[in-house]
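What follows is calculated from the coordinates using simple rules that are stated; it is not laboratory data. As the structure is a prediction and not an experimental result, all values here were calculated from the model. A quick note on method: Cβ atoms are made from the backbone with ideal geometry, for glycine too, and the neighbour counts reach across all protein chains shown.
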Amino acid sequence: MPHAYSTLTGPRSASVRSGQAQPHERLPEVLARHREAPWRAPVPGHTAAAFEQVCRLLRAGESDRLVLDSGCGSGVSSRLFGEQLPGHVVIGIDRSAARLQRCGAHASARRQGNCIWVRAELAAFWRLAGRAGWRLRRHYLLYPNPWPKARHLRRRWHAHPVFPDLLRLGGRLEMRCNWRVYADEFAAAVGLLTGLPIQPERLCIDRPCSPHERKYLASGHALYAVVAELGGAAAVA
Ligand SMILES: C[S@@+](CC[C@H](N)C(=O)[O-])C[C@H]1O[C@@H](n2cnc3c(N)ncnc32)[C@H](O)[C@@H]1O
């Protein structure tokens, strides 16, 4: 099957630059606090409306065959996963109207075949999905913003208060990034909250699945994946 990004030409990108060379020493303490005090921030109205739109686009029996492509950008990877996973429904979520315009989902959620794209805030969307009882088959988090400054640790998804909710969505969780420290921290955070022995792996691929993966590959960056089999209902400690 032709691949959306089968060539490695295109814009080059600088590597992540950070004063932080190791996993943040405060990560365990931050996670312990999130575990003790579940996140209760109000859900923004626009994301609640977006979640309802997605629920209306789902057909009978599909809610137990869900795949999330969280932070899908322009939605290229969601389309690819939709082709690779017939019988599943892939939901691409991003907050950027400009990026979602490329798949026609900037104004409201859009469905094409087994793909749905929607504009929403990820943290709120994940919480709504949890409240609705969703248990995912797969969850992709491709090239999340790295927030490389050490003082921004809590903006990284694995140190954000929503992280226990994300893990409870279950399924095969795969995070990819081009910064070793982020991969190490993400793996450590999954391990601390679930007890699973998770290690980051070096990705060796020549067929990128998203625009950022394509750009980073073309720029010669080392790429990392953290994969966790969380099952139907992740046991988050
Ligand atoms: C570095 S880009 C990666 C895009 C795509 N996954 C790829 O690999 O090409 C990160 C994406 O996450 C989205 N994003 C970041 N924080 C978000 C949030 N809180 N809610 C929704 N989307 C978010 C951004 O709009 C952006 O499209």
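Taking +1 at the Cβ of each Lys and Arg and -1 at the Cβ of each Asp and Glu, which of SER108, HIS139, ALA129 sits farthest along the dipole of the stretch 95-141 towards its positive end, judged by Cα position relative to the Cα centre? Result: HIS139. Please label the shape of the stretch 1-126 as rounded, prolate or oblate, based on the square roots a ≥ b ≥ c of the eigenvalues of the alpha-carbon gyration tensor (a/c under 1.5 means rounded; beyond that, a/b larger than b/c means prolate, else oblate). Oblate is the answer for the stretch 1-126, as a/c is 1.5 or above yet b/c matches or exceeds a/b.
Compute the Rg/Rh shape ratio of the stretch 131-176: radius of gyration over Kirkwood radius, all on alpha-carbon atoms.
Values: Rg = 11.9 Å, Rh = 11.7 Å.
Here the Rg-to-Rh quotient is 1.02.
Convex hull volume of the C-alpha atoms in the chain, normalised per residue: 123 Å³.
Give the percent of DSSP beta bridges with both residues in the stretch 72-207 that are antiparallel, rounded to the nearest 5. Intermediate results must be reported in sequence, preceding the final value.
Details: 3 of 13 bridges.
So the antiparallel bridges in the stretch 72-207 amount to around 25 percent.
As a rough footprinting exposure proxy, the listed residues ILE116, ILE198, ILE205 were ranked by other beta carbons within 10 Å of their own, and the order from fewest upward is ILE205, ILE198, ILE116.
By the count of neighbouring beta-carbon atoms within 10 Å, fewest first, ASP69, ASP94 end up ordered ASP94, ASP69. Computed as a quarter of the hull surface, the mean projected area of the alpha carbon convex hull for the stretch 73-212 stands at 8.9 nm².
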